[in-house]
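Following: one structure in structure tokens, then a few remarks.
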Amino acid sequence: MNYEKQIMGKSVAQLQVDYPIIKRLAELEETTWINSGRLPSEKAVAQCPLTMADVQDASDRLDRFADYFKVAFPETQATDGILESPLQQIPHMQACLNTEFDCEIPGKVWIKLDSHLPISGSIKARGGIYEVLYVAEKIALERGLLKAGDSYEVFHSQKFRDVFSQYSIAVGSTGNLGLSIGIMSAKLGFNVTVHMSADARQWKKDMLRSKGVTVVEYESDYSIAVAQGRQQAANDPFCHFVDDENSKTLFMGYSVAALRLKEQFKTSGLTVDARHPLFVYLPCGVGGGPGGVAFGIKQIFGDNVHCFFAEPTHSCCMLLGMATGLNSAISVQDIGVDNRTVADGLAVGRASGFVGGVMAPFISGCYSIEDWRMYRMLAQLADTEGLKLEPSALAGMYGPVLMTTDSQFAAYPASAGISRETMEQAIHLVWATGGSMVPPEEMQHYYETGKNS
């Protein structure tokens, strides 16, 4: 670590004095942080440049493409062309966590299975696919291919594919965003290039290539892959770069999850109000996916929902950025952390400044988790509930435990005006971000590693 390196006018050594949490992060300790800057929802919403109208606009656009999905991806016919994932309670896993950590998690633990979203099997199917659709609709309108009342089934025609073949899409990714962008863009007919970091799994690269996607591999981390994707687009006026670090469009695509979740809660007989608080635990990489989802959920449920970001100890960029207030101005490498983790979708060294800024008044806190613990909970979830996820998707599973075992997190409900009695009615929602498309042999390796952890 270069202690003399200057970040926003201060040396790393001085930052460690100003923010003692940096020392714990640098030593790779599992760390929790509660956001003292969180505002009442009414105030946070009032000062935010994004609104509920933006969420609704994104939702309407996805609804317009339902007819297209039904013909382009027949697996979506059962949901009438809506891309959505299951919601289920996991009582056996909750009992396992209680035994494992000698605790009693108050309320009920549920899981949101974005790991089983259609088409690309991860949370990235929300924002990634949405941004490609946004671009496709914009081009179709500009080229006069759409008229009022047209069914969007027309996007699955050779005429549209011929037009889209004149355009390119580029993205930098650790894996799952690349899958969603690549699969969706290729299906529509775009020329698509996915710049993959060293953390990306080989099967993801192979799957993309099988779909006709150009995959460029790098020996360096996520930030270089993104930089190369951005450079490709800068040199080509017909190339759209999906900017995972700064894209409002991606962010709004993710936010639509909140509207869908609200309806799923109704169907499941779940109430979210002052007497039934909701706690959501979201695995976090650069921040776009969990940030967009959390933003939407806060718009819907206000002060009755409490969102937390979960990151690997080796890639805790959002925790670092938000706890110091430096956001994207500081990276984990700046404090001597290597950004190497089995949680490939979370292997990001520098958080999105855009997301950190938007979410500063909304987010309740962050925590970091060791790789071996994600592996262990992966195996436990498979054994108790029959659910198979990739390691990064288990980062959120530690959240309900911390609400009883960690001093900072355990004190949070009282600070938010939630009594012990009310916590007994809490809903803990673990956001599972990926896993259903992992090849069986790789999943077996994950499982066996977890059993031995």
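Computed from the coordinates by the stated procedures, all read-outs in this text should not be read as laboratory data. Predicted, not measured: the structure shown is a model, and the values here were computed from it. Don't worry about glycine lacking a Cβ; one is built from the backbone with ideal geometry, like all the others, and counts go over all protein chains shown.
Quick rundown of the values:
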{"quantity": "Principal axis dimensions, the chain - Cα atoms, whole angstrom, descending", "calculated": "60, 55, 49"}
{"quantity": "In the range 1-88, the chymotrypsin sites (Phe, Trp or Tyr not before Pro) that fall in loop regions by DSSP, at most 15 other Cβ within 10 Å", "calculated": "3"}
{"quantity": "Normalised contact order of the chain, rounded percent, pairs of Cα under 8 Å and 6 or more residues apart", "calculated": "22"}
{"quantity": "Coarse-grained scattering of the range 4-61 at q = 0.23, 0.24, 0.28 Å⁻¹, given as base-10 log I(q)/I(0) from a Debye sum over alpha-carbon atoms", "calculated": "-0.91, -0.94, -1.10"}
{"quantity": "Relative packing of 329-336, 45-52, which averages over residues the other C-beta atoms within 10 Å, highest first", "calculated": "329-336, 45-52"}
{"quantity": "The range 259-392: radius of gyration and largest Cα-Cα distance (Dmax), Å", "calculated": "15.8, 47"}
{"quantity": "20 Å reach of a label modelled at residue 82, 7 Å along Cα-to-Cβ, counting backbone N of the range 279-315", "calculated": "293-301"}
{"quantity": "19 Å reach of a label modelled at residue 43, 7 Å along Cα-to-Cβ, counting backbone N of the range 398-421", "calculated": "412-418"}
{"quantity": "Beta bridges per DSSP with both ends in the chain, % antiparallel, nearest 5", "calculated": "20"}
{"quantity": "Above-threshold pairs, the threshold being 28 Å between Cα atoms, out of 10/298; 138/266; 159/211", "calculated": "10/298; 138/266"}
{"quantity": "Most to least packed among 283-293, 128-138, 158-168 [average Cβ atoms within 10 Å]", "calculated": "283-293, 128-138, 158-168"}
{"quantity": "Compactness of the range 124-244 as Cα Rg over 2.2 N^0.38 Å, two decimals", "calculated": "1.05"}
{"quantity": "GluC sites (Glu not before Pro) restricted to the range 197-254 and DSSP loop, no more than 12 other C-beta within 10 Å", "calculated": "219"}
{"quantity": "Chain lengthening between residue 60 and residue 275 when straightened (0.36 nm per residue, less Cα-Cα)", "calculated": "74.2 nm"}
{"quantity": "Formal net charge of residues neighbouring residue 131 (Cβ-Cβ distance under 12 Å; K, R +1; D, E -1)", "calculated": "+2"}
{"quantity": "Alpha carbon centroid spacing (whole Å) that separates the range 292-347 from the range 200-276", "calculated": "16"}
{"quantity": "Cα Rg over Rh - the range 56-96, Kirkwood", "calculated": "1.25"}
{"quantity": "About the Cα centre, charge dipole magnitude for the range 124-244 (Lys/Arg +1, Asp/Glu -1 at Cβ), debye", "calculated": "340"}
